[in-house]
Amino acid sequence: MRRFVIGQAKNLIDQTRRRPQHNNLNLLSILHPSSSRFFSDMSASDSSLPVTIDSINPNVLKCEYAVRGEIVNIAQKLQDDLKTNKDAYPFDEIIYCNIGNPQSLGQQPITFFREVLALCSHTALLDRDEAHALFSADSIARAWKILDQIPGKATGAYSHSQGIKGLRDAIAAGIEARDGFPADPNDIFMTDGASPGVHMMMQLLISSEKDGILCPIPQYPLYSASIALHGGSLVPYYLDEASGWGLEISELKKQLADAKSKGITVRALAVINPGNPTGQVLSEENQRDIVDFCKKEGLVLLADEVYQENVYVPDKKFHSFKKVARSMGYGEKDISLVSFQSISKGYYGECGKRGGYMEVTGFTSDVREQIYKVASVNLCSNISGQILASLVMSPPKPGDESYESYIAEKEGILSSMAKRAKTLEEALNKLEGITCNRAEGAMYLFPCINLPKKAIAAAEAAKTSPDTFYCKRLLNATGVVVVPGSGFRQVPGTWHFRCTILPQEDKIPAIVNRLTEFHKSFMDEFRD
Amino acid sequence: MALEYESLNENVKKCQYAVRGELYLRASELQKEGKKIIFTNVGNPHALGQKPLTFPRQVYSILQSILERLDIKNKNELVQVVALCQAPFLLEDPNVGMIFPADAIARAKHYLSLTSGGLGAYSDSRGIPGVRKEVAEFIQRRDGYPSDPELIFLTDGASKGVMQILNCVIRGEGDGILVPVPQYPLYSATISLLGGSLVPYYLDESENWGLDVNNLRQSVAQARSQGISVRAMVIINPGNPTGQCLSEANLREILRFCYNEKLVLLGDEVYQQNIYQDERPFISSKKVLMDMGSPFSKEVQLVSFHTVSKGYWGECGQRGGYFEMTNIPPRVVEEIYKVASIALSPNVSAQIFMGLMVSPPKPGDISYDQFARESKGILESLRRRAKIMTDGFNSCKNVVCNFTEGAMYSFPQIKLPPGALQAAKQAGKVPDVFYCLKLLEATGISTVPGSGFGQKEGVFHLRTTILPAEEEMPEIMDSFKKFNDEFMTQYENNFGYSRM
């Protein structure tokens, strides 16, 4: 019922949005307590409270984040119920393939990174002789180096709002080593994961619904949610599934013109490379065209590059947009570029630490000051996350004591991910009515399901979208949690789901079996 | 340029956050030039030499890596094994046992068992359920009333929680939030970022920064006459920057006021451990509300905030906090959950610090004595420092300062002579910014001008923390006094002091 009521509210908002005049007034009146007649299940006691569902910020109601939405809530309830009610289900565990959260599925952290973190967090260890028995020599050396960069060696203190300067130096050096072009530590803003950086940029760019952000469809819903929260307009550009989720400049141009004709000022272009949920890795040539497009149209390029370490195919390579732009001869004055990086992805997968940074180039100093100011309202990002971000961008080098084990851990994780991506993709492509592009990078597969008309009708009857219907059935039958494509948006009339490649290798065959069996019986039930 | 200053979101431009503003930037510059700077601008205890408590750091360190070193591949299995005995195989490893006390190791295992996938995995977006349960137990012990873990959300520091709640409440500039003046600028900054209206209520400096409910009524009436719908009220208890502790009677009045005016009360209680007098111990808004009984306890909506950054913990760099919601309808809680989920989860290390903060070592635990000694030492020293600072300021010419009853700040009023006001004007500076810059240049003491927190017109203050090391305190106050005397002599003239 609740979802339905919110749906109603959303429809009303959408309707008002389409009417050009008095937008805000209408929005307010619709969601104001005086209009509670719209909400059939409003209880009387609710309406006397200062804050109720119908008097909260309408942008909050509008935003959606399917990666942790309805299906996940059902999964959590199932998991609780499984503990006491084991026999009621045809499976004995819930497998969370909804979210890129590697360590929750058994991936081990990189030892060196954690050693350094342990030493930095309890510095008394460094003075103990026993530490040498427990920690590698280079982790001890690195911990000292990091501590020396922190004023007062205080890892429990707020840092500079952009992050500890010495750590930003390490990151800038890492970017330079990666790109072959200089990077300035003052351009780095460290954040609690990449998401707060994206929010910060949206906050700067969006003043009203007249401000548009070009976003890929399908997209990672952080973008749609953040744009909705800040009251802007998402301007979609569709990735071409038939050409491996290709990004066509002609499509960008078309959508830009379309948005302009609706009176929307497009301020930025978001590109996710490698793609989430679509897994494609952009070619350098394609990236050059994108850079030129942004330069020509005066758009800020928001480059989500959090999966830069996750490339699984030999014919593709990650190139940062900064490197591409600089190699084209474009400097600070030519293009405004923000590159986002995170410690949650790659081979490190340190999601729980909430670390990340954005590298901000091509902005005037007065804009940069504003970014700094907004960053400072939240004081600083967490120090463990900052330390990890610096480690991720400056891992052990050949000759260091930990190098061999570091490389072995890293290669082990990445090659296993590649294997899992391939196995899952092949299995999905064997299923009736399912086509799945290969995951060239990132951590996801995004298969297209050609759903029979009968299934679509059944979904309609159940008042849910066909892909959600499919995913719920899949969850109830197998315990496998995936996210319906509608959470990422998709070409109307097509249906997908997103599945991570993160369950440990020994679990993959069982998942494939469960998926295959489920899909077969689903098709048997609904085949036209 | 794709993004120019002119085309930025106006709300971003409007927002101000003085704690890290002009003074701080100048101080950082001076520091780079090699000058010794005493940063008393941010309540950042470890940066000024306060040592972290040992026990939580030990637990945390173990969680980072020791267990991996011992070749334990499956943490969930480990946890089950560990539950078997108090002296597991970990203690048999001479190295681990020599470095860490047994209760720290046990506690590390306990927290590992609460996570799914250790510290490196996203948790539930509201925080680890087991830690939220510990927080609820803490609140229940503190207040004597039950607390529901489902209504507790862990956050990356208290500020994030304040932002989440205000984001939910503010729909546009027609929505007003009552905020004390002087206030902690997080509130003004967030309200302007979200495009809402700040409705000020003034604390009474002559009454030791007392909160007079009649002032509240006036503020609300005035805002309403301007067409603003006042929706929430912020209290900071103990006060930041003002250091006052609210009495139980005063809290009752405030809650009754919120009931009558239909306001959500946002209780910023991050300094609840920092109390430096015995007349008014900390009492939570939640406890007072529950004591008041029906209809108040059932209808007043309250969100209380807490953090690991303050108290004797001072773990600012961890970014850990929580908020507890009372009388917030389930559907609104779900919306707040949804918005929290866009940020995936608060950082897990800080969640564990929060768990440790709300359930510290108990008498009888191996680490208890050290923990008690460290925490008591910090609080007693802060109490002494609060006194040294207040007395020091009050001994200076043209400076009056209320006693810091709680929190971490001193907020003296500086009576600037007309000559100084004029000099400030000529320099294009707000008078208190002018004073603080001069202070910084002369002494290296980095403070925040009162204008960053809001103050009555024509009255000037500065905020310092009481955090510099105790042994350095006399020297700092001497150096302040010397500067202030010279400043006052320089700018005093025949017109006498400004009397405002």
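If you go through region A:481-506 and keep only what is crowded, with 23+ Cβ neighbours inside 10 Å, closer than 28 Å to A:Gln108 by Cβ and more than 16 Å from the chain's Cα centre (by Cα), you end up with just A:Val481.
Can you confirm whether A:Ala408 is surrounded by fewer than 16 Cβ atoms within 10 Å (Cβ to Cβ) and more than 27 Å from A:Leu82 (Cβ to Cβ)? Spelling it out, A:Ala408 is indeed surrounded by fewer than 16 Cβ atoms within 10 Å (Cβ to Cβ) and more than 27 Å from A:Leu82 (Cβ to Cβ). Name the residues in region B:411-441 that are under 19 Å from B:Gly21 (Cβ atoms), charged (D, E, K, R) and in a helix (DSSP H, G or I), would you? Across region B:411-441, the qualifying residues are B:Asp432, B:Lys438, B:Glu441.
Filtering region A:311-353 down to residues that are assigned to a loop (DSSP other than H, G, I, E, B) and under 19 Å from A:Thr364 (Cβ atoms), which residue is nearest to the other protein chains (Cβ to nearest Cβ)?
Taking region A:311-353 first, the residues assigned to a loop (DSSP other than H, G, I, E, B) are A:312-320, A:328-336, A:343-350.
Checking which are under 19 Å from A:Thr364 (Cβ atoms) leaves us with A:330-336.
Working: A:Tyr330: 12, A:Gly331: 13, A:Glu332: 10, A:Lys333: 8, A:Asp334: 10, A:Ile335: 8, A:Ser336: 4 Å.
This residue is A:Ser336.
Results for (1) free of Cβ contacts under 8 Å to residues at least 40 places away in the same chain; (2) within 11 Å of chain B (Cβ to nearest Cβ), shown as yes or no for each residue.
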position	(1), (2)
A:Tyr158	no, yes
A:Gln162	no, yes
A:Lys165	yes, yes
A:Ile171	no, no
A:Asp179	no, no
A:Ala183	no, no
A:Ile188	no, no
A:Asp192	no, yes
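If the condition is being more than 11 Å from chain A (Cβ to nearest Cβ) and not in a helix (DSSP H, G or I), then region B:17-61 contributes B:Glu33, B:Gly34, B:Lys35, B:Lys36, B:Ile38, B:Thr40. Residues satisfying the criterion are absent from region A:156-176 (criterion: touching a Leu at 6+ places or on another chain (Cβ under 9 Å) and of a type in the set (Lys, Arg)). Residue count for region A:176-207, restricted to those that are in a loop (DSSP other than H, G, I, E, B), closer than 21 Å to A:Lys323 by Cβ and either of a type in the set (Gly, Ala, Ser) or touching a strand residue (DSSP E or B) at 6+ places or on another chain (Cβ under 6 Å) (or both): 3. Of the residues making up region B:248-294, those that are in contact with a strand residue (DSSP E or B) (Cβ under 9 Å, 6 or more places away or on another chain) and of a type in the set (Ser, Thr, Tyr) are B:Tyr271, B:Tyr276, B:Ser284, B:Ser285. Note on region A:238-275: residues that are touching a residue at least 24 places away in the same chain (Cβ under 8 Å) and among the hydroxyl-bearing types (Ser, Thr, Tyr) total 2. Candidates are the residues of region A:360-386 that are under 15 Å from A:Ile335 (Cα atoms) and more than 7 Å from chain B (Cβ to nearest Cβ); the one that is surrounded by the fewest Cβ atoms within 10 Å (Cβ to Cβ) is A:Ser365. Output the residue which, of all residues in region A:108-139 that are surrounded by fewer than 22 Cβ atoms within 10 Å (Cβ to Cβ) and in contact (Cβ under 8 Å) with a residue 60 or more places away in the chain, is nearest to the chain's Cα centre (by Cα). Looking at the filtered set, the residue picked out is A:Gln108. When A:Leu31, A:Leu78, A:Leu105, A:Leu61 are checked against the criterion of being more than 30 Å from B:Leu114 (Cα to Cα) and either charged (D, E, K, R) or at pLDDT 80 or above (or both), a single residue qualifies: A:Leu61. Of everything in region B:109-120 that is of a type in the set (Gly, Ala, Ser) and more than 27 Å from the chain's Cα centre (by Cα), the residue that is nearest to the other protein chains (Cβ to nearest Cβ) is B:Gly117.
Of the residues making up region A:462-498, those that are farther than 22 Å from A:Asn73 by Cβ and free of Cβ contacts under 8 Å to residues at least 24 places away in the same chain are A:Pro492, A:Gly493.
Check region A:70-79 and report whether any residue there is closer than 30 Å to A:Leu229 by Cα, at the interface with chain B (Cβ under 9 Å from one of its Cβ atoms) and assigned to a loop (DSSP other than H, G, I, E, B). Outline the logic, then answer.
Within region A:70-79, the first condition is being closer than 30 Å to A:Leu229 by Cα, and the residues that meet it are A:70-77.
Narrowing the set further to residues that are at the interface with chain B (Cβ under 9 Å from one of its Cβ atoms) leaves A:72, A:76.
Pick out the ones that are also assigned to a loop (DSSP other than H, G, I, E, B) and you get none.
The answer is no; no qualifying residue exists.
The criterion of being in contact (Cβ under 8 Å) with a residue 24 or more places away in the chain and closer than 15 Å to B:Val234 by Cα does not hold for B:Tyr276.
Can you work out which of the residues in region B:1-16 that are touching a Gly at 6+ places or on another chain (Cβ under 8 Å) and at the interface with chain A (Cβ under 7 Å from one of its Cβ atoms) is modelled with the lowest pLDDT? Before you say what the answer is, go through the steps one by one.
In the first step, residues of region B:1-16 are kept if they are touching a Gly at 6+ places or on another chain (Cβ under 8 Å); the result is B:1-2, B:11, B:16.
When the remaining residues are screened for being at the interface with chain A (Cβ under 7 Å from one of its Cβ atoms), the result is B:1-2.
Working: B:Met1: 54, B:Ala2: 66.
Among residues in region B:1-16 that are touching a Gly at 6+ places or on another chain (Cβ under 8 Å) and at the interface with chain A (Cβ under 7 Å from one of its Cβ atoms), the one modelled with the lowest pLDDT is B:Met1.
Evaluation of B:Pro180 against the conditions (1) over 21 Å from B:Lys338 (Cβ atoms); (2) in contact with a helix residue (DSSP H, G or I) (Cβ under 6 Å, 6 or more places away or on another chain) shows that the sole unmet condition is (2). Condition check for A:Gln149 on (1) modelled with pLDDT of 95 or more; (2) over 30 Å from A:Val491 (Cβ atoms); (3) more than 12 Å from chain B (Cβ to nearest Cβ): one failure, at (1).
Taking the conditions exactly as written (crowded, with 20+ Cβ neighbours inside 10 Å and either touching a Gly at 6+ places or on another chain (Cβ under 6 Å) or not aromatic (Phe, Trp, Tyr) (or both)), does B:Gly174 satisfy them or not? So B:Gly174 does not fit the description; no.
Only a single item in (1) small (Gly, Ala, Ser); (2) touching a residue at least 12 places away in the same chain (Cβ under 8 Å); (3) surrounded by fewer than 22 Cβ atoms within 10 Å (Cβ to Cβ) is not met by A:Ser342, and it is number (3).
Among helices (runs of 4 or more DSSP H) entirely within region B:136-238, having at least 2 residues that are free of Cβ contacts under 8 Å to residues at least 24 places away in the same chain and more than 16 Å from the chain's Cα centre (by Cα) singles out B:213-225.
The values are calculated or read from the model by the stated rules, or taken from the named source; none is laboratory data. The model shown is predicted, which means the values in this text are computed figures rather than measured ones. FYI the Cβ positions are ideal-geometry reconstructions off the backbone, even for glycines, and counts take in every protein chain you see.
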